[in-house]
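All remarks here apply to the structure that follows.
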Amino acid sequence: MDHQRVAQEWSRLLNEFFATREAVFERAIEACVGALKNGRKILAFGNGGSAAEAQHFVAELVNKFLKPRAALRAVTLSTDTSVLTCIGNDVSYNAVFSRQIEALGDLGDIALALTTSGNSPNVLEALKTAKKQGLVTIVLTGWSGGKSAPLADILLDVPSPETPRIQEIHLYLLHVLAGEIEERMFPA
């Protein structure tokens, strides 16, 4: 692996993302802050590495990102193994997130989905359920958003088809998002 080439590609993708999607990213920040200020919550989910990133993001909100402050309302839908295996076994793996949104999602909450391809069936089902229940859908995905694009109120699509690059940019975006939420919710 050519580390220098990867670093250059990462930098190019990040610059391209903000050159073309900065206003959309600002909408994501405002949606999250608005929901949290109104007593709503963020439900984050994804598969594999995206599940790990969703969990990481929620930890930043519930505990803290950079400064001590009150906890923020956020839940990861990929961490309750009893719920996941029960739904996967009794219903379908495609329903592991949608059933949780059905149970936990309230009007005005944020459904924050991560899917590098934009085509994960369980993420798509969750987004459909979120839309039906009046949640705001924010989708972090790869270039063009795949099948998730029409289900996203706010689409944050990294301009790349490469899963590792998409996930690296997602992590950066989630850190910026957590920092902006924290700063706007708890100004110095």
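Structure notes:
- Residues that are modelled with pLDDT under 95 and among the charged types (D, E, K, R) within the range 139-164 comprise just one, 162.
- Condition check for residue 75: surrounded by 15 or more Cβ atoms within 10 Å (Cβ to Cβ) and in contact with a Gly (Cβ under 6 Å, 6 or more places away or on another chain): no
- Tabulated pairs, the range 141-153, first part of a helix (DSSP H, G or I), second surrounded by fewer than 17 Cβ atoms within 10 Å (Cβ to Cβ), C-beta under 6 angstrom, 6+ apart or interchain: 146/119; 147/119
- Residue 96 buried (at least 24 other Cβ atoms within 10 Å of the Cβ), more than 28 Å from residue 23 (Cα to Cα), free of Cβ contacts under 8 Å to residues at least 40 places away in the same chain and not small (Gly, Ala, Ser): yes
- Among residues of the range 125-140 being part of a helix (DSSP H, G or I) and aliphatic (A, V, I, L, M), the one that is nearest to residue 40 (Cα to Cα) is 130.
- Residue that is farthest from residue 164 (Cα to Cα), among those in the range 1-55 that are without any contact (Cβ under 8 Å) to a residue 24 or more places away in the chain and among the charged types (D, E, K, R): 30
- Residue among 21, 27, 12, 40 that alone is touching a strand residue (DSSP E or B) at 6+ places or on another chain (Cβ under 6 Å) and either of a type in the set (D, E, K, R) or more than 15 Å from residue 154 (Cα to Cα) (or both): 27
- Contacts under 6 angstrom Cβ, first residue in the range 106-135 being under 15 Å from residue 31 (Cβ atoms) and of a type in the set (Ser, Thr, Tyr), partner modelled with pLDDT of 95 or more and surrounded by fewer than 24 Cβ atoms within 10 Å (Cβ to Cβ), 6 or more apart: none
- Taking the range 99-124 as the range and being within 15 Å of the chain's Cα centre (by Cα) and either at positive phi or outside any loop (DSSP other than H, G, I, E, B) (or both) as the test, the residues that pass are 101, 110, 111, 112, 113, 114, 115, 118, 122, 123, 124.
- Within the range 107-142, the set of residues being hydroxyl-bearing (Ser, Thr, Tyr) and out of contact with any strand residue (DSSP E or B) (no Cβ under 8 Å at 6 or more places or on another chain) comprises just one member, 129.
- Considering the range 20-41, the residues that are touching a helix residue (DSSP H, G or I) at 6+ places or on another chain (Cβ under 6 Å) and of a type in the set (Val, Ile, Thr) include one that is nearest to residue 114 (Cα to Cα), namely 29.
- Apart from one condition, residue 86 fits all of (1) part of a helix (DSSP H, G or I); (2) surrounded by 14 or more Cβ atoms within 10 Å (Cβ to Cβ); the exception is (2).
The values are calculated or read from the model by the stated rules, or taken from the named source; none is laboratory data. These numbers were taken from a predicted model, which means no experiment stands behind them. Cβ sites come from the backbone with ideal geometry, for glycine too, and all protein chains shown count toward neighbours.
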